[in-house]
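Okay, structure first, notes after.
The values are calculated or read from the model by the stated rules, or taken from the named source; none is laboratory data. As the structure is a computational prediction, the values presented were derived from the model and not from experiment. Heads up, the Cβs are rebuilt from the backbone with ideal geometry, glycines too, and the neighbour counts pull from every protein chain shown. Only protein heavy atoms, including side chains, enter the accessible area calculation; ligands, DNA and RNA are left aside. Shrake-Rupley method; radii C 1.70, N 1.55, O 1.52, S 1.80 Å.
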Amino acid sequence: MAVKTILPFGDPMLRKEAKPVTEVNARVFKLLDDMTDTLYAEEGRAGLAAPQVGILRRVIVMDCGEGLIELINPEIVDMSGEQTGPEACLSYPGYAGIVKRAEYVKITTLDRSGNTIELEGEGYLARCIQHEMDHLNGILFVDRVVRNGFYQEQTGQPADLAEVIRLTNRKF
């Protein structure tokens, strides 16, 4: 197992759509294990999608405070409600933004054994699921930040979202 380098904003890989996993095998187990090591390498990390470590596969690891969750080929089947709150991203160290998300999500996903399971989440877990699933589709949290809601984490000072989006090769 190994800690992977997390791609920073501006890396074009972050804007690509990840491909489905066609077979849950030893390569997927290694990817899950490496991503877990990377997630836990520093405190305060909640989720990591495979594109963030340069692998264009639909794989996510998360720990939103209740233990490790592994998602392979996740798909949202239901969502409802609305929440607005702060988000940060491992690919945007030092920055955060206020983002609107669904309050509730229900997904289907494969587990490590290749079995299809359902997972429901509300509040923070729902927010994490949506954030990480966006990564699988080349969508970054900065694309969803509400007006004037992007800031430096340490100081709380507003940051130039337009410049950050320009650097991520996204037209707005």
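Odds and ends about this structure:
- Single unsatisfied condition, Thr5 versus (1) touching a helix residue (DSSP H, G or I) at 6+ places or on another chain (Cβ under 6 Å); (2) in contact (Cβ under 8 Å) with a residue 40 or more places away in the chain; (3) not basic (Lys, Arg): (1)
- When the stretch 74-101 is filtered for residues that are open to solvent by less than 30 Å² (accessible area, probe 1.4 Å) and under 15 Å from the mean Cα position of the chain (by Cα), the ones remaining, listed by number, are Pro74, Glu87, Cys89, Ser91, Tyr92, Ala96, Gly97, Val99, Arg101.
- The stretch 59-72: number of residues that are open to solvent by less than 30 Å² (accessible area, probe 1.4 Å) and more than 17 Å from Tyr124 (Cβ to Cβ): 2
- The residues of the stretch 29-46 that are open to solvent by 10 Å² or more (accessible area, probe 1.4 Å) and in contact (Cβ under 8 Å) with a residue 60 or more places away in the chain, listed by number, are Phe29, Ala46.
- Cβ-Cβ contacts under 7 Å between residues 6 or more apart (or on different chains), taken from a first residue in the stretch 9-25 that is of a type in the set (Gly, Ala, Ser) to a second residue that is surrounded by fewer than 16 Cβ atoms within 10 Å (Cβ to Cβ), are listed as Gly10/Leu167; Ala18/Leu56.
- If you filter the stretch 1-28 down to residues that are closer than 21 Å to Tyr92 by Cα and either among the acidic types (Asp, Glu) or touching a His at 6+ places or on another chain (Cβ under 9 Å) (or both), you find that the one that is surrounded by the most Cβ atoms within 10 Å (Cβ to Cβ) is Leu14.
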